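See below for the structure under consideration.
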Amino acid sequence: METQHNMDDRLWDYLDGRGNAAERSSIEELIAQNSAWKEKYRELLDVHALMQGSELDMPSMRFSKNVMEEIAKLHIAPATRTYINNKIIWGLTLFFVTVLIGFLIYGFGQVNWSGGSSGPITQELNKLNTGKLDFSKFFNNSWVNGFMMMNMVLGLFLLDQYLTRKKKAFN
């Protein structure tokens, strides 16, 4: 490949009239003796003649302006953030917050609050033993467990999206 490139360069220099007399005579000898050099010389001579004989057309004076006007006619897609409706995001957030509050209300509703002593609420909360809480009352339903698992997966997905956006904004 390097010899082909070298041959092309030397032949182009010869056709353009560059180089000293020794280089030009060595290329003339190679063309006369080597069939590959002779064939390549004829090809490049034809290309050289075409380039010398044809005149390039000048573009119109308004060429750049015409191109820019055509581009302006196209409807360029807006940024991705405009595709996402903020009302949908707020609706999903409201849904998940409502579900979380609902589970908390359901869980606190299942706790047996009748402890034994009647005193202020702060004393009751200090005496509350979490070992006595029976979580099986409100986590025994398979539908509840499935729903909570789905919410956890969706929550982790949203957290991943949020952290990815933050990472891209930081970079």
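Extension gain for Arg165 to Glu43 (0.36 nm times residue separation, less C-alpha to C-alpha distance): 38.2 nm. Between Ile105 and Glu70, full extension at 0.36 nm per residue minus the direct alpha carbon distance yields a gain of 6.5 nm. How far is the Cα center of region 40-73 from the Cα center of region 87-108, in Å? So the two Cα centres are separated by 66 Å. For Ala36 and Asp16, what does the FRET efficiency come to when R0 = 35 Å and r is the distance between their Cβ atoms, rounded to the nearest 0.05? Efficiency for this residue pair is about 0.95. For region 2-52, the Kirkwood hydrodynamic radius from C-alpha pairs, put into Stokes-Einstein at 20 °C and a viscosity of 1.002 mPa s, yields a diffusion coefficient of 195 µm² per second. The length gained on full extension between Leu158 and Leu92, counted as 0.36 nm times the residue separation minus their Cα-Cα distance, comes to 22.7 nm.
Read-outs: derived from the displayed coordinates by stated rules, not from any lab. Small disclaimer: the values here were computed from a predicted structure and weren't measured. Cβ atoms come from the backbone with ideal geometry, glycine included; neighbour counts cover every protein chain shown.
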